[in-house]
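S.K.: The following block contains the structure, expressed as structure tokens.
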Amino acid sequence: SNDQQPKEQKLRGEEVAKHNNDKDCWVIIHGRVYDVTEFKEEHPGGKSIILKWAGKDATETYNPIHPPDTLDKFLDKSKHLGEVNMDTVEQEKEFDPDEEERQERIKRMPILEQCYNLMDFEAVARRVMKKTAWAYYSSGSDDEITMRENHSAFHKIWFRPRILHDVENIDLSTQMLGTKVDIPFYVTATALGKLGNSEGEVILTRGAKKHNVIQMIPTLASCSFDEIVDARQGDQAQWLQLYVNKDRAITERIIKHAENRGCRGLFITVDAPQLGRREKDMRSKFSDVGSNVQNTGGDNVDRSQGAARAISSFIDPSLSWKDIPWFLGVTSMPILLKGVQRVEDVIRAIEVGVQGVVLSNHGGRQLDFARSGIEVLAEVMPVLRERNWQDRIEIYIDGGIRRSTDIIKALCLGARGVGIGRPFLYAMSAYGLPGVDRAMQLLKDEMEMNMRLIGCSKVDQLNPTLLDTRGLSMHSTSVPADTLGMTIYDPLVNPQEKAK
Ligand SMILES: Cc1cc2c(cc1C)[n+](S(=O)(=O)[O-])c1c(=O)[nH]c(=O)nc-1n2C[C@H](O)[C@H](O)[C@H](O)COP(=O)(O)O
């Protein structure tokens, strides 16, 4: 807060404004002044974003990307120059030509009760979210083929429902890594929650508590790890999603802290040695100030790519199978590999001794033309059953889960549960906690109905005979002409162009 020091002792805005260049650079964050003249050279997000706000109040741009404890962690105390008298600081709003129209769209947005399925939240979010936030959440890599395949793959699987089974009482509950949950989905790790809602990931924590499902805490959350854990209530279960840092001492500290704070699973993300190339994200405003951190790869391609790039330069691309025993040695939490994409790697995961895998392509945000989680699951389970290994690990999938029938299909094929990402981000961005609450309740209502209609009263009755998967490996050759693609995922028009 900005009221510890008496006003006259505080720095004045006009003083800060003098330090506004490459040689002498101060910024204001949350009412405090920081000398970032040296730091900006090593800023993962590149130095242009800092110079853009030199001498000014950068809080609004800073907030969604950096957890609150970032400056204490990474900027030497000698550069913390104390408080500024905010009355003397002229607030400079980031000009966004779309903002006025967006406010109009917010006034006209549907009331929450008009959302009947998870795609409704997506449609509303696209209209009411800031363009940069929508770009970051909705983008997939390259031509976004895999992002669309993730959902359309479920359309290639049909049910063979059974009849005349007592389905009066439906029990959707199951266990994930030993934790009982109300319904077989978890909230998967998605970065930068404050891009969509100023409260960030703690909203997902509260929604997960209300519906007794597990939240996977992202390494790249906007909220600090401890804020998200502190938002937990009672014996609410959380997992940690880990991007492995080149500096293993930092990684070890993060893992041990997570275990001490009661995390019940460690999900090592293995499909992102480098964050994918997401063109909507690149087009959005982050690109004009995006990081050029990719130049570390030595190539001279200007890869100033959106928020994703800016926040991921610490990730260790050298991570490999030989490193896994080290992780097994630093924690007693169950360890799972998130982003496994073929059966050979599931076999190897079992042999190396981890407790589970998430069959996932990162929501289509990494390698385009990677297959959907559900298709990989259909490849994996028969091979494990041949070896009688199907119970050796817990298998999850994520990507494109939008209906309870998607969840049911995954469990019929042998998954323990599924991860859901974007739908809860959109619900949170458009309607806050009530949105997340409704999205989860809709899935519960759908799932109870569909379990009844497929002829099962408990999830452990779900099995492959209830499915016809013959169409699963047929991939549409052209970009799927899905209305979703036409109506929702339009290419981001640069707001400046429209303003002309
Ligand atoms: C939508 C989204 C997904 C991200 C995500 C951010 C967003 C906005 N981020 S990312 O910035 O690096 O790409 C993460 C992340 O921090 N770590 C991770 O393991 N997966 C990340 N994922 C992937 C996520 O965990 C699921 O694999 C994916 O969201 C599942 O697909 P749906 O969104 O269709 O449910």
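S.K.: Looking at V340, V346, can you tell me which residue is among the hydrophobic types (A, V, I, L, M, F, W, C), within 16 Å of the ligand (Cβ to nearest atom) and either surrounded by fewer than 24 Cβ atoms within 10 Å (Cβ to Cβ) or closer than 27 Å to E144 by Cα (or both)?
M.R.: Testing whether each residue is among the hydrophobic types (A, V, I, L, M, F, W, C), within 16 Å of the ligand (Cβ to nearest atom) and either surrounded by fewer than 24 Cβ atoms within 10 Å (Cβ to Cβ) or closer than 27 Å to E144 by Cα (or both) leaves just V340.
S.K.: Are any residues in the range 168-184 surrounded by fewer than 18 Cβ atoms within 10 Å (Cβ to Cβ) and not hydroxyl-bearing (S, T, Y), and if so, which ones?
M.R.: Matches in the range 168-184: E168, N169, I170, D171, Q175, G178, K180, D182.
S.K.: Quick one: count up the residues across the range 310-332 that are surrounded by fewer than 16 Cβ atoms within 10 Å (Cβ to Cβ) and within 16 Å of the ligand (Cβ to nearest atom).
M.R.: 2
S.K.: Could you look through the range 185-202, keep only residues that are part of a loop (DSSP other than H, G, I, E, B) and of a type in the set (A, V, I, L, M, F, W, C), and pick out the one that is surrounded by the most Cβ atoms within 10 Å (Cβ to Cβ)?
M.R.: Going residue by residue through the range 185-202, those that are part of a loop (DSSP other than H, G, I, E, B) are 188-192, 196-201.
Filter again for of a type in the set (A, V, I, L, M, F, W, C), leaving 189, 191-192.
Details: A189: 26, A191: 23, L192: 23.
Per the criteria, the residue is A189.
S.K.: Can you pull out the residues in the range 396-438 that are buried (at least 24 other Cβ atoms within 10 Å of the Cβ), of a type in the set (G, A, S) and either part of a helix (DSSP H, G or I) or without any contact (Cβ under 8 Å) to a residue 24 or more places away in the chain (or both)?
M.R.: Once the filter is applied, which keeps residues that are buried (at least 24 other Cβ atoms within 10 Å of the Cβ), of a type in the set (G, A, S) and either part of a helix (DSSP H, G or I) or without any contact (Cβ under 8 Å) to a residue 24 or more places away in the chain (or both), the range 396-438 yields S404, A410, A427, S429, A430, G435.
S.K.: Run down T251, T205, T219 and say which single residue is within 14 Å of the chain's Cα centre (by Cα), of a type in the set (S, T, N, Q) and in a helix (DSSP H, G or I).
M.R.: When all the criteria are applied, what remains is T205.
S.K.: Turning to a different aspect of this structure: Hey, can you tell me all the residues within the range 10-51 that are in contact (Cβ under 8 Å) with a residue 60 or more places away in the chain, within 21 Å of T88 (Cβ to Cβ) and not small (G, A, S)?
M.R.: K10, L11, R12, E14, V16, I28
S.K.: Can you pull out every residue in the range 137-153 that is buried (at least 24 other Cβ atoms within 10 Å of the Cβ), closer than 15 Å to H475 by Cα and either under 17 Å from the mean Cα position of the chain (by Cα) or near the ligand (Cβ under 10 Å from one of its atoms) (or both)?
M.R.: Within the range 137-153, T146, M147, N150 qualify.
S.K.: Return the pair list, or none, for Cβ contacts closer than 6 Å from residues in the range 317-339 that are under 9 Å from V270 (Cα atoms) and in contact (Cβ under 8 Å) with a residue 12 or more places away in the chain to residues that are within 15 Å of the ligand (Cβ to nearest atom) and assigned to a strand (DSSP E or B), at least 6 apart or on different chains.
M.R.: Qualifying pairs under 6 Å: L337/I268; L337/V357; K338/F267; K338/T269; K338/V358; G339/T269.
S.K.: Another question, then. Just checking, how many residues over the range 234-285 are aliphatic (A, V, I, L, M) and within 23 Å of D143 (Cβ to Cβ)?
M.R.: First, pick out the residues of the range 234-285 that are aliphatic (A, V, I, L, M): 237, 240, 242, 244, 249-250, 254-255, 258, 266, 268, 270, 272, 275, 282.
Next cut, within 23 Å of D143 (Cβ to Cβ) only: 272, 275, 282.
The qualifying residues number 3.
S.K.: Restricted to the range 205-223, and to residues that are in contact (Cβ under 8 Å) with a residue 60 or more places away in the chain and in contact with a Ser or Thr (Cβ under 8 Å, 6 or more places away or on another chain), which residue is surrounded by the fewest Cβ atoms within 10 Å (Cβ to Cβ)?
M.R.: So, considering only residues that are in contact (Cβ under 8 Å) with a residue 60 or more places away in the chain and in contact with a Ser or Thr (Cβ under 8 Å, 6 or more places away or on another chain), the one surrounded by the fewest Cβ atoms within 10 Å (Cβ to Cβ) is L220.
S.K.: Give just the number: which of (1) modelled with pLDDT under 95; (2) more than 10 Å from the ligand (Cβ to nearest atom) does L195 not satisfy?
M.R.: Looking at each condition in turn, L195 falls short on (2).
S.K.: Go through the range 236-246 and give me each residue that's in a loop (DSSP other than H, G, I, E, B) and modelled with pLDDT of 95 or more. Reasoning before the result, please.
M.R.: Here is the first cut: in the range 236-246, the ones in a loop (DSSP other than H, G, I, E, B) are 236-237, 243-244, 246.
Once the filter is applied, which keeps residues that are in a loop (DSSP other than H, G, I, E, B) and modelled with pLDDT of 95 or more, the range 236-246 yields Q236, A237, Y243, V244.
S.K.: Among the residues of the range 227-285, which ones are within 23 Å of G196 (Cα to Cα), acidic (D, E) and within 13 Å of the ligand (Cβ to nearest atom)?
M.R.: D281, the sole residue that qualifies.
The values are calculated or read from the model by the stated rules, or taken from the named source; none is laboratory data. As the structure is a computational prediction, the values presented were derived from the model and not from experiment. As a convention, Cβ positions derive from the backbone with ideal geometry for all residues, glycine included, and neighbour counts pool all protein chains shown.
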